[in-house]
Amino acid sequence: MMHYPVMEHFYTIQGEGVHAGRAAYFVRLAGCDVGCVWCDVKESWPTEGFPTHTATEICDWVYQTPAEIVVITGGEPAMYDCTEIVDALHQKGYKVHVETSAAYPLRGGYDWVCISPKKFKQPVIEEMQRANELKVIVFNDSDFKWAEQWAETCNDTCALLLQSEWEKRDVMMPKMIQFVKDNPRWRICIQTHKIINVP
Ligand code: SF4
């Protein structure tokens, strides 16, 4: 039986991506070795100091709420074989989403896969076909070309999203608007949870 390090867990509103605005239970696993310089959850990088929990315990937390969706995030959840969590949640009828850089092969039968590739430790290329959602963080001008390169590795139905790094949003948003107008397969993703002030 796996014991997963959990940094935090909470029932909230999904702020980002295709499912933005929907209620979701978030489980943030601790541990990440990707090392994004602009990471806004650097406290999730170590695994030490966080309690570990079984899939059954995680399932019990969700069961206390009316949630229908569970988002496994991190940290980097691809560092773990999440099959036990996903299977336990499926048995209770939940849809399980993952937010990952796909720096490691994904283990678990997720219902929705959001891959946000990172330059600091690039995705396992074979995992890109599993993406339902490609979310590229725009930090500087070269990220538009980089985003298009990753889009070529995704399946035809994958939603393509550009999200400004939060501190760069004033500079990058006008460029993102123009890019999406020129390339309408893409859409702009906004971190609405930071606007409506939910975790
Ligand atoms: S992959 Fe995510 S958690 Fe890890 S460093 Fe990058 S932004 Fe932070």
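The values are calculated or read from the model by the stated rules, or taken from the named source; none is laboratory data. The shown structure was predicted, so the numbers you read here are calculated from the model rather than taken from an experiment. Virtual Cβ from ideal backbone geometry, glycine too; neighbours counted across all protein chains shown. Heavy atoms of the whole protein, side chains included, go into the accessibility calculation; ligands, DNA and RNA do not. Shrake-Rupley method; radii C 1.70, N 1.55, O 1.52, S 1.80 Å.
Results for (1) under 13 Å from the mean Cα position of the chain (by Cα); (2) within 16 Å of the ligand (Cβ to nearest atom); (3) surrounded by fewer than 16 Cβ atoms within 10 Å (Cβ to Cβ), shown as yes or no for each residue.
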| site | (1), (2), (3) |
| --- | --- |
| Trp38 | no, yes, yes |
| Phe50 | no, yes, no |
| Thr54 | no, no, yes |
| Val62 | no, no, no |
Within region 90-103, identify whether any single residue is more than 16 Å from the ligand (Cβ to nearest atom), in a helix (DSSP H, G or I), under 22 Å from Leu162 (Cβ atoms) and open to solvent by 10 Å² or more (accessible area, probe 1.4 Å), and answer yes or no.
-> no
Do you know which residues across region 1-12 are touching a Ser or Thr at 6+ places or on another chain (Cβ under 8 Å) and in a strand (DSSP E or B)?
-> Tyr4, Pro5, Val6, Met7, Tyr11
Name the pairs: first residue in region 32-59 and under 19 Å from Pro199 (Cα atoms) and polar (S, T, N, Q), second residue at pLDDT below 95 and within 16 Å of the ligand (Cβ to nearest atom), Cβ to Cβ under 7 Å, at least 6 apart or on different chains?
-> none
Criterion (polar (S, T, N, Q), open to solvent by 20 Å² or more (accessible area, probe 1.4 Å) and under 24 Å from Tyr25 (Cα atoms)) met by exactly one of Asn140, Asn183, Asn155, Asn197 | Asn197
